[in-house]
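Below is one structure, written out as structure tokens, with a few remarks after it.
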Amino acid sequence: MMRQSCVVAGLIVLAGSVLMAQAPATEIYLAPLTSTGTKVTVGRAVNITNNPGYDNQPQFLADSSGLLFSSNRDGVQTDIYRYDIAQKKIAQVISTAENEYSPTLTPDGRTFTTVRGAEQQLWRFTLDGADAGLAWAHQGLIGYHVWVSPTQVATFILGQPATLQLIDLRTGGAEVIESGIGRSLLIRPGRGTVSFVQKPQGAPWMIKEFDAGTKAVTTLTATVDGSEDLTWTPDGAIVMGRGSKLFLWREGASGWTEIADLNRQGVQNISRLTVSPDGKWVAIVTQAPSR
């Protein structure tokens, strides 16, 4: 029997086993954002990682002064780094024997969690890289996660299909909310709901939101065609990328509006992206340029 496999966060998961895979070469670009009313303008995007290896999963700090990201800089080990926007400098935050991916701020903004090691557990660190211990060890493999509250985490759990699960750290329970989801899990500003992309076979992909209090799931809009990564602006708009272009959606809109084409700045095949809490920056993950 042929065994199925999938690739998540630089790992190959094969019939219950986990093997390290060669992560794709990606870069992180940073561009200024300007909002005037409902209009959003994107400034010049600058490559802030400049690394021949893997740079991905940017997460802005709570004060928007910089961002955390996962990076492989020696061809062997993936750790967490921080970019300081004012100083334009990169510093390594974590150096361990394990690989860490998907740095995600906890609700207090003073610590962050990562998907760590072959077991893909959630591990907590302080912002200066001190080990703060295991946050959660799930029976399945956690691909991505977002904190709903200090005691609740929404997670993307690998499987066929992948599922959205709500973990309650107080009880140790994990509730399956939806299946067939994409990797983008975010807290919707001003609502506290969890947005995610559902990817039904043979049908348009849809952006939905989940209310952890009521357990209600609501459909917001179809995604940009073929795209599963999104970010929220502080005032509640969604930004998605496709190719070298960025698109904006606001509630009540009939579709997506193109707001930028970054091709001339070296941005192509946009995947993950995130807007800073103050709304002044967007970090964009893109295929690394030819060297």
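Identify the residue in the stretch 113-139 that is surrounded by 15 or more Cβ atoms within 10 Å (Cβ to Cβ) and not in a strand (DSSP E or B) and, among all such residues, is nearest to the chain's Cα centre (by Cα).
Among residues in the stretch 113-139 that are surrounded by 15 or more Cβ atoms within 10 Å (Cβ to Cβ) and not in a strand (DSSP E or B), the one nearest to the chain's Cα centre (by Cα) is Gln120.
Counting just the residues of the stretch 197-243 that are in contact (Cβ under 8 Å) with a residue 40 or more places away in the chain and farther than 23 Å from Gly180 by Cα, which one comes out surrounded by the most Cβ atoms within 10 Å (Cβ to Cβ)?
Only one residue tops the list, namely Ala237.
Looking at the stretch 75-85, can you tell me whether even one residue there is assigned to a loop (DSSP other than H, G, I, E, B), within 14 Å of Ile28 (Cα to Cα) and in contact with a Leu (Cβ under 9 Å, 6 or more places away or on another chain)? First the steps, then the outcome.
Within the stretch 75-85, the subset assigned to a loop (DSSP other than H, G, I, E, B) is 75-77, 85.
Next, only the ones that are within 14 Å of Ile28 (Cα to Cα) stay: 85.
Checking the rest, the ones that are also in contact with a Leu (Cβ under 9 Å, 6 or more places away or on another chain) come to 85.
Among the residues of the stretch 75-85, at least one is assigned to a loop (DSSP other than H, G, I, E, B), within 14 Å of Ile28 (Cα to Cα) and in contact with a Leu (Cβ under 9 Å, 6 or more places away or on another chain), which makes the answer yes.
Is it the case, given these coordinates, that Val197 is over 15 Å from Trp147 (Cα atoms), more than 19 Å from the chain's Cα centre (by Cα), of a type in the set (A, V, I, L, M, F, W, C) and not in a loop (DSSP other than H, G, I, E, B)? Can you show your working first?
Values: over 15 Å from Trp147 (Cα atoms): yes; more than 19 Å from the chain's Cα centre (by Cα): no; of a type in the set (A, V, I, L, M, F, W, C): yes; not in a loop (DSSP other than H, G, I, E, B): yes.
No.
Across the stretch 140-164, which residue is surrounded by the most Cβ atoms within 10 Å (Cβ to Cβ) among those that are polar (S, T, N, Q) and within 20 Å of Arg191 (Cβ to Cβ)?
In the first step, residues of the stretch 140-164 are kept if they are polar (S, T, N, Q); the result is 149, 151-152, 155, 160, 163.
Imposing the further condition that a residue be within 20 Å of Arg191 (Cβ to Cβ) reduces the set to 149, 151-152, 155.
Details: Ser149: 13, Thr151: 12, Gln152: 17, Thr155: 25.
The residue in question is Thr155.
Quick test for you: out of Thr214, Thr231, Thr218, pick the one residue that is more than 18 Å from the chain's Cα centre (by Cα) and in a strand (DSSP E or B). Lay out the reasoning, then the answer.
On the way: Thr214 fails: in a strand (DSSP E or B); Thr231 fails: more than 18 Å from the chain's Cα centre (by Cα).
That would be Thr218, the only listed residue that is more than 18 Å from the chain's Cα centre (by Cα) and in a strand (DSSP E or B).
Go through (1) free of Cβ contacts under 8 Å to residues at least 40 places away in the same chain; (2) charged (D, E, K, R); (3) surrounded by 17 or more Cβ atoms within 10 Å (Cβ to Cβ) and name the single condition Arg183 misses.
All conditions pass for Arg183, except number (1).
Is the stretch 155-176 home to any residue that is closer than 18 Å to Gly236 by Cβ and in a loop (DSSP other than H, G, I, E, B)?
Keep residues of the stretch 155-176 that are closer than 18 Å to Gly236 by Cβ, which gives none.
Looking through the stretch 155-176, none of the residues is closer than 18 Å to Gly236 by Cβ and in a loop (DSSP other than H, G, I, E, B).
Which of (1) assigned to a loop (DSSP other than H, G, I, E, B); (2) of a type in the set (S, T, N, Q); (3) surrounded by 21 or more Cβ atoms within 10 Å (Cβ to Cβ) is the odd one out, the single condition Ser95 does not satisfy?
(3)
Kindly establish whether Gln77 is of a type outside the set (Ser, Thr, Tyr), surrounded by 13 or more Cβ atoms within 10 Å (Cβ to Cβ) and modelled with pLDDT of 95 or more. Walk me through it before giving the result.
Working: of a type outside the set (Ser, Thr, Tyr): yes; surrounded by 13 or more Cβ atoms within 10 Å (Cβ to Cβ): yes; modelled with pLDDT of 95 or more: no.
Answer is no for this residue.
For every residue, the table says whether it meets (1) among the β-branched types (Val, Ile, Thr); (2) farther than 30 Å from Leu169 by Cβ; (3) in contact with a strand residue (DSSP E or B) (Cβ under 7 Å, 6 or more places away or on another chain).
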{"site": "Gly192", "(1), (2), (3)": "no, no, no"}
{"site": "Ala212", "(1), (2), (3)": "no, no, yes"}
{"site": "Thr219", "(1), (2), (3)": "yes, no, yes"}
{"site": "Thr233", "(1), (2), (3)": "yes, no, yes"}
{"site": "Gly241", "(1), (2), (3)": "no, yes, yes"}
{"site": "Lys245", "(1), (2), (3)": "no, yes, yes"}
{"site": "Thr257", "(1), (2), (3)": "yes, yes, yes"}
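Considering the stretch 246-264 alone, what residues qualify as being more than 26 Å from Ala62 (Cβ to Cβ) and either surrounded by 19 or more Cβ atoms within 10 Å (Cβ to Cβ) or in contact with a Pro (Cβ under 9 Å, 6 or more places away or on another chain) (or both)? So that I can check it myself, show each step before the final result.
Narrowing the stretch 246-264 to residues more than 26 Å from Ala62 (Cβ to Cβ): 247, 252-258, 261-264.
The answer is Phe247, Trp256, Leu262.
The values are calculated or read from the model by the stated rules, or taken from the named source; none is laboratory data. Computed from a predicted model, the values in this text were never measured in an experiment. Here the Cβ is made from the backbone with ideal geometry for all residues, glycine too, and neighbour counts use every protein chain on show.
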